[in-house]
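Take a look at the structure set out below.
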Amino acid sequence: MKIKKRRLSALAVLALTASVALTACGSDDGGDDGDDGGSGGGGGGGSSSITMIPKSLGNPYFEASTAGSQRAAEEFGGQVDEVGPTGDAGPDSQVPFIQTATQQGVGALVVSANDPTALCDSIEQAQDVDIKVVTFDSDTECRDLFVSQADAQGIATKQIELIADQIGGAGDIAILSAAANATNQNEWIGLMEEDLEANYPDINLVDTVYGDDDDQKSFDETAALLRANPDLKGIVSPTTVGIAAAARYLSTSEFKGKVALTGLGAPSQMKTFIDDGTVTAFALWNPDDLGYLAAFAADALVKGDISGEEGDTFTAGDLGDYTVGADGVVVLGDPYVFDSSNIDEFDF
Amino acid sequence: MSTLEKTPSAGPGSAPRRGPDLAKVTGDLLRSRELAVLVVLLLLVVVATVKSDGFLSGDSWRDLLLTPSILLLLAAGQMLVIITRNVDLSVGSTLGITAYAAGDLMSSGSSPWVAALGAVALGALLGAVNGVIIAFGRVPALVITLGTMLAFRGILLHWAGSDRVNAGEMDPGFLDLGTAQVLTIPVLTIISLVVVVAVGYYLRTSRGGRELYAIGSDPDAAALFGLPIRRRVLGAFIASGALAGLAGVFWATRYGGVSSNAGEGIELQAVAAAVIGGVAIFGGSGSVWGAAIGAFLLVTIDRVLPILGVPDFYQQAVVGALIIGAIVLDRVLASRAERRLAVEREVAP
Amino acid sequence: MSTPTIDRAVDERTYASYARPLLWRLVATREFAVFALLAIVYVYARGSIVGFDGPLTIYFLFLESAPIMLLALPMTLIIITGEIDLSVASTMALTGAMLGIAYTKWDLPFLAAVGVAIVVGLLCGLVNGFLVAYLKLPSLAVTVGTLALFRGLAEGFLGTESISGFPERWTDLLKDRIGGDSSYPLFVIPLAVLAIAFGVLLHFTTFGRGVYEIGLNDEAARFTGVDIARTKLILFMLAGGVAALAGIYQSLYTVARGDSAVNLELQVIAAVLLGGVSIFGGRGSLPGVLAGVLLIAVINSAMRLDGVRGEVTEIVIGCLLVASVIAPTLLTWISGLVPGRVPRPAAPPSVGTTPEPPASGGSSLKS
């Protein structure tokens, strides 16, 4: 009896697990992506297949950039697929997706890197099989081209200008950042510190805290920040998740209207807080345009129109002509300031 | 029925069921783990108040009470499960799903009441999934809830996709609840405390509550005794799920936005709160008061460390050290008590 | 009323009963089911998923699953004794951080930095092992604590930094392939040596028999002369040491960062349990676990190639884990419903009549 039972058990495990795995493998509708990926590789072809890897899925900012890249793909007749880690954004979470794209032999990768160096080994492996790698939003050391939202200096200066204006040019401020390792965040913070030191002697940067681009953490860090620094005059949050969480905290607290908040935010999330007076102005570029430009840049690389050298020029649909700058950087433009006069015109 | 009082359990649980006299309660209290953790908690608050003037005033006071409300609920639910010698690692994912469900219901026009009840019911349902598999399959809770933690989170990610519920889509009255206060005490905290008291009352006085301790203390003896083990374990998991559902509602009102990663990793905090509060990880002993104070302590440490000048990054390390300190202390105290009992037995056979 | 059917199903051992032909004894095991499933999924993926039969698939599969494979080796032994170690991923991050700090901040030669990382890993294991083996604390609670502690230290030491720039000779070595262009990375060789070493240790030594005995019944193990505390301490230190190797690998392949390998311990445990190790201890084998690790890796890789989003893979692996645990119970239960098929006592469970020791169901739960 025991034997029989055991045999049956083993078979049941087999049957159950097999059915689970197989139905799941077969059921999803993603099958055709692979086909497209396989066919579009290499350079010089008529259409480019591009794999878009944002820092994480489910972030409205990257949602907009992917929409932009897909719009671009329709115009130049290519194909954009979005894959990426969900939830946690550890340094290694994007590696498997780059490897998968390498196996598929796509034409180009468009990546927003979670870490400046962690992805390099896998990116180099992709480049070995002639895949072009474009980074956008957040750079790595080993790509062919970086599509920058605005040059870092412009972003830093704009935010400091906004906060200085809102607190009257003097007092304590703090920064609410995203992950402590985020390349772009740390570069901006560094530039902001330099700018403050050089041009605003009366403004003190008292603290920098990290909300990890997580609603709850950013919210709680804002609360802790205000408690630890009772004299705080203003907060700069150069991340869309952070500024929205901070605004939400401020809008329900006694600090509303007393502590200024600015940074980089998405108009759709910030509208409520502009309307109720918690926030007067904040900045951002258009992530849709950013994705659009990155896709055109990737397409130009795949078709061999440009090689990523300084001085190369290409046309990005209705955004016009762009020139590759030093170190293979293409800059989208200056950040745009949103306030009560224009916020209703945007919906990303 | 009367024999149930003899079920082996430690802490306040071992007090007689009816009419505990004051002296005994005080005595229990002085020796209790709950008190020790409470003292640490109060010390932290005192130090923080000395270091930073505004710590007990205005928003800071409100947040001190408000922030733990979510973890309080989860810790109470986790405690119910742990005393039966199980564990529920899926509460974080359950919280995420229910919070999103509540937000989604409201953004599609339901009233906050419907949304809140729906979220709690959904939580109870997810808890029942765990409970049925564990109680009727007699399989280890650690494995099952690890599996459902992944599965529930996956379902949420699939359902929500890149969508998130923003503050603007939720009922304004519901959002105000997140910061509403009665006599400077936040409403959410009051609800959480009422839940904790209800759980504590149930565990202390009802037959079902005593049976939960009995099951965790010695499952085989409980089975021999004819206790409805499956029903009780299932009940504990449903309660844990429902409380996670309520915590999801709290999450939506407190943070005013729900994305698909809501509640990630909070399950370990819930377990940690219970362990720090003196709930034995292998069942049969501990109180919900301990778990509640543990939850308060964990959250408060998070707020106080920056004031004390400990960098943000070390917070996890401090929490870890605290958990280990708590269980080592338990072990030392227990072995001391054991030795004392052994000596007494030798002296007076 | 719990039925004896289910109790027995949970407690059942896999000592092959020699009453049956060899073929059956091989086929009717849990490990065989995992191997078969692995083969089915692999063949299915090769046949119907575009790109899976490419030369890079196996190569990336190993690159990606190497840390899980490493960590699964000692984890198997620990779970067989009825304990668990949730802190391995945090140990990985901490040792990676120490490697980076020793190499870049203290300017030690690379191999000395590797030594520092391994020593730190062993120390982490020593802390866990001491608390579990000698203070007799529940490993679940201890390692939840050290999970937070080690992670906190790693994040505290590194702060916002991520350290890279290790010597190219070593980072390139990771990417090299056996024979220059086969689809197996070079480090599969040390990995295999380590796996065989653990396999021999578990299946062919007195120490390994002791590991099983502790998991089956630690009282009995003590009477047969197994030094329980020493065995557990050694296992936790092995786990720490191997986690250091995984941490070094991860730092070389990506970077050393405080938040690397978050939640990896759950994947490791899922793979070990999927491979047929009983969470109650006393049952399981290393080949089964390796098949479990590969199964998860193949499913991940195939589904990603197929364009399936990550969360669906998460659901599949979660369900697979649950299904693999409840399947034996469910099947025994169903076969018990068929009247006259399996005769068994009708009486309610009684500890006295159960052949196993009373607390066998909770033997993993002993403190």
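The values are calculated or read from the model by the stated rules, or taken from the named source; none is laboratory data. Given the structure is predicted, the values throughout are model-derived calculations rather than measurements. Positions of Cβ are backbone-derived with ideal geometry, glycine not excepted, and every protein chain shown enters the neighbour counts. Ligands, DNA and RNA are stripped out before the accessible areas are found, and what is left, the full protein with its side chains, is counted by its heavy atoms. Shrake-Rupley method; radii C 1.70, N 1.55, O 1.52, S 1.80 Å.
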Legend entry - Among B:335, B:320, B:233 the positive-end extreme of the charge dipole of the range B:2-347 (Cβ point charges): B:335
Legend entry - Accessible surface of residue C:172 - all protein chains present, 1.4 Å probe, nearest 10 Å²: 60
Inset, instruction - Calculate how steeply helix B:315-347 sits against the longest principal axis of the alpha-carbon atoms of chain B, using the helix alpha-carbon long axis, and give the answer as 0 to 90 degrees to the nearest 10. - result: 20
Inset, instruction - Under 1.5 on a/c is rounded, so check that first for the range C:158-206, then, if it is not, pick prolate when a/b is larger than b/c and oblate when it is not; a ≥ b ≥ c are the square roots of the alpha carbon gyration tensor eigenvalues. - result: oblate
Legend entry - Overall form of chain B per C-alpha gyration tensor (a/c, 1.5; a/b vs b/c): oblate
Inset, instruction - With r as the distance between the Cβ atoms of residue B:176 and residue C:119 and R0 = 56 Å, compute the FRET efficiency 1/(1 + (r/R0)^6) and round to 0.05. - result: 0.50
Legend entry - For residue B:189, net neighbour charge (Lys/Arg +1, Asp/Glu -1) across residues whose Cβ lies under 12 Å away: +1
Inset, instruction - Would you mind working out the magnitude of the charge dipole of the range A:152-284 relative to its Cα centre, with +1 at each Lys and Arg C-beta and -1 at each Asp and Glu C-beta, to the nearest 20 Debye? - result: 400
Inset, instruction - Add +1 for every Lys or Arg and -1 for every Asp or Glu among the other residues with Cβ under 15 Å from the Cβ of residue C:253, and state the total. - result: -4
Inset, instruction - Would you mind classifying the range B:296-349 by shape? Square roots of the alpha carbon gyration tensor eigenvalues, ordered a ≥ b ≥ c; an a/c under 1.5 is rounded, otherwise it is prolate if a/b is larger than b/c and oblate if not. - result: prolate
Inset, instruction - Would you mind getting me the FRET efficiency between residue A:129 and residue B:113? Use the beta-carbon distance for r and R0 = 45 Å, nearest 0.05. - result: 0.20
Inset, instruction - Using a 1.4 Å probe over the heavy atoms of the protein chains, calculate the carbon and sulfur portion of the accessible area of the range B:107-220 as a whole percent. - result: 71
Legend entry - Nearest 10 degrees, 0 to 90: helix B:229-255 Cα axis against chain B principal axis: 40
Inset, instruction - Please list A:242-250, A:100-108, B:221-229, A:129-137 highest first by mean number of surrounding beta-carbon atoms within 10 Å per residue. - result: A:242-250, A:100-108, A:129-137, B:221-229
Legend entry - Nonlocal amide H pairs with residue A:282, under 5 Å, H built at 1.01 Å: A:338
Inset, instruction - Note the buried accessible area between A and B here, summed over both chains, with a 1.4 Å probe, in Å² to the nearest 100. - result: 2300
Legend entry - Which of A:306, A:325, A:273, positive extreme of dipole for the range A:261-328 (C-beta unit charges): A:273
Inset, instruction - Just give the residues from the range A:56-75 buried by at least 10 square angstrom of accessible area in the all-chains context relative to the isolated chain, probe 1.4 Å, and say none if nothing qualifies. - result: A:57, A:58, A:60, A:63
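Could you rank B:169, C:314, B:267 by how accessible they are, 1.4 Å probe, largest area first?
Final ranking, largest accessible area leading: B:169, C:314, B:267.
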Legend entry - Protein heavy-atom accessible area occluded, A/C pair - total, 1.4 Å probe, Å²: 5300
Legend entry - Exercise: per-residue mean of other protein chain Cβ atoms within 10 Å, C:155-163: 6
Inset, instruction - Please list C:221-234, B:81-94 highest first by mean number of surrounding beta-carbon atoms within 10 Å per residue. - result: B:81-94, C:221-234
Inset, instruction - Find the percent of Cα-Cα distances in the range C:66-215 that exceed 20 Å, and round it to a whole number. - result: 59
Inset, instruction - Can you tell me the 0 to 90 degree angle between the C-alpha axis of helix A:60-76 and the longest principal axis of chain A, rounded to 10? - result: 60
Inset, instruction - Just add up the charged neighbours of residue A:138: K/R +1, D/E -1, any other residue whose Cβ is under 13 Å from the Cβ of residue A:138. - result: -4
Legend entry - Solvent exposure ordering (accessible area, 1.4 Å, most first) of B:346, C:213, C:31, C:168: B:346, C:168, C:213, C:31
Inset, instruction - Please report how far the C-alpha centroid of the range B:310-334 lies from that of the range C:100-118, rounded to the nearest whole angstrom. - result: 29
Legend entry - Nearest-0.05 FRET efficiency for residue B:231 and residue A:341, computed from C-beta distance (R0 45 Å): 0.10
Inset, instruction - Within 10 Å of each Cβ in peptide C:130-137, how many partner chain Cβ atoms are there on average? Round it to a whole number, please. - result: 2
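Provide a whole-number value for the mean count of partner chain Cβ atoms within 10 Å of the Cβ atoms in peptide C:44-52.
4
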Legend entry - Top of A:306, A:155, A:235 by mean-square fluctuation, Gaussian network on chain A, Cα under 10 Å: A:306
Inset, instruction - Among the listed pairs A:55/C:175; C:105/C:175; A:158/A:217; A:271/B:51; C:105/C:136, give every one whose C-alpha distance is greater than 32 Å. - result: A:271/B:51; C:105/C:136
Inset, instruction - Beta carbons within 10 angstrom, averaged per residue: use that to sort the peptides C:280-290, C:81-91, highest first. - result: C:81-91, C:280-290
